[in-house]
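Derivation of every value follows stated rules applied to the coordinates shown; laboratory data play no part. Quick caveat, the model's predicted, so the values are computed rather than measured. Here the Cβ is made from the backbone with ideal geometry for all residues, glycine too, and neighbour counts use every protein chain on show.
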Amino acid sequence: MSFSLYDAVIPSNLQILGALDRILEKAAAFCEERGMTQAELIDARLAPDMLPLGYQVKSCASHSIGGVHGTRAGSFSPDMGAWPTDLAGLRAIVQGAQAELSALDRDEIDALAEADTRFSFGETQLPFTGANFLLSFAQPNFYFHATAAYAILRAQGMKLGKRDFMGMPRIKQPAG
């Protein structure tokens, strides 16, 4: 079996984004039950020096479809812009990333494996191949931010388990 950059990145991004979308849907009910505003939950953090839930969710899109866009363009910089202050807005970002990832062409993504890709943030400039950027930078960041979002919601008291984080695994379908 030959290596496929598409298979190594895109299906897992879609799986976790789907789970994140369902978690955010549950978060709206959680806010109502607790008498908490959505903005309060979106501003929640694990630690004072860590960015809030809204940033964590937005970064999942940034390091999934945004990583692909950066690899295509040859340069990626983190999106430090504002994030929505309501859960519907955060879900729209997640759903938009899912839609774009679902529309990607396997051959186009596989062809990005050797593309020169630079990470730029302030004075930091890191050179990568497309595959190394997506696999050793974008993907670990994607999982970090997804985990941070999950952990923030758990720390706020949401009843979530591992299955909520993992979403629907890609199991083998029966023959026939």
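Computed from label points 7 Å out along Cα-Cβ, the spacing between residue 108 and residue 36 is 3.9 nm. Packing around the peptides 103-109, 12-18, taken as the average count of other Cβ atoms within 10 Å per residue, puts them in this order, highest first: 12-18, 103-109.
For the stretch 45-114, averaging the sequence separation of C-alpha pairs within contact (under 8 Å, six or more residues apart) and dividing by the residue count gives a relative contact order of 35 percent. For the pair residue 47 and residue 8, label points projected 7 Å from Cα toward Cβ lie 3.0 nm apart. Within the same chain, lysines fewer than 8 places from residue 26 are excluded, and of the rest, those with a Cα less than 18 Å from its Cα are 58, 159, 162. The helix-only estimate of mean residue ellipticity at 222 nm for the chain, built from DSSP H runs of length n ≥ 4 each weighted as -39500 (n - 2.57), is -18000 deg cm²/dmol after division by the residue total. The gain in end-to-end length when the residue 136 to residue 73 segment is fully stretched comes to 20.9 nm, 0.36 nm per residue minus the alpha carbon separation. Across the stretch 43-55, computed HN-Hα scalar couplings (Karplus, 6.51 cos²θ - 1.76 cosθ + 1.60, θ = phi - 60°) run 8, 5, 10, 7, 8, x, 9, 10, 6, x, 3, x, 5 Hz from first to last residue, x flagging Gly and Pro. Across the stretch 105-113, rounded Karplus estimates of 3J(HN,Hα) from the backbone phi angles (6.51 cos²θ - 1.76 cosθ + 1.60, θ = phi - 60°) give 8, 3, 5, 5, 5, 4, 5, 7, 3 Hz, Gly and Pro being marked x. Applying 1/(1 + (r/R0)^6) with R0 = 35 Å to the Cβ-Cβ distance of residue 129 and residue 166, what FRET efficiency is obtained, to the nearest 0.05? Efficiency, rounded to the nearest 0.05: 0.75. In terms of its alpha-carbon gyration tensor, the chain comes out oblate; a/c meets the 1.5 threshold, while b/c is at least as large as a/b. Considering only beta bridges that DSSP places wholly inside the chain, some 75 percent are antiparallel. The charge dipole of the chain, taken about its Cα centre with unit charges on the Cβ atoms of Lys, Arg (+1), Asp and Glu (-1) only, comes to about 640 debye. Residue by residue, the stretch 133-144 carries 3J(HN,Hα) couplings of 5, 5, 7, 10, 10, 5, 5, x, 5, 4, 5, 4 Hz when phi is fed to the Karplus relation 6.51 cos²θ - 1.76 cosθ + 1.60 (θ = phi - 60°); x denotes Gly or Pro.
Between the amide H of residue 75 and those of 118, distances stay under 5 Å, these residues lying 5 or more places away or on another chain, with hydrogens modeled in the peptide plane.
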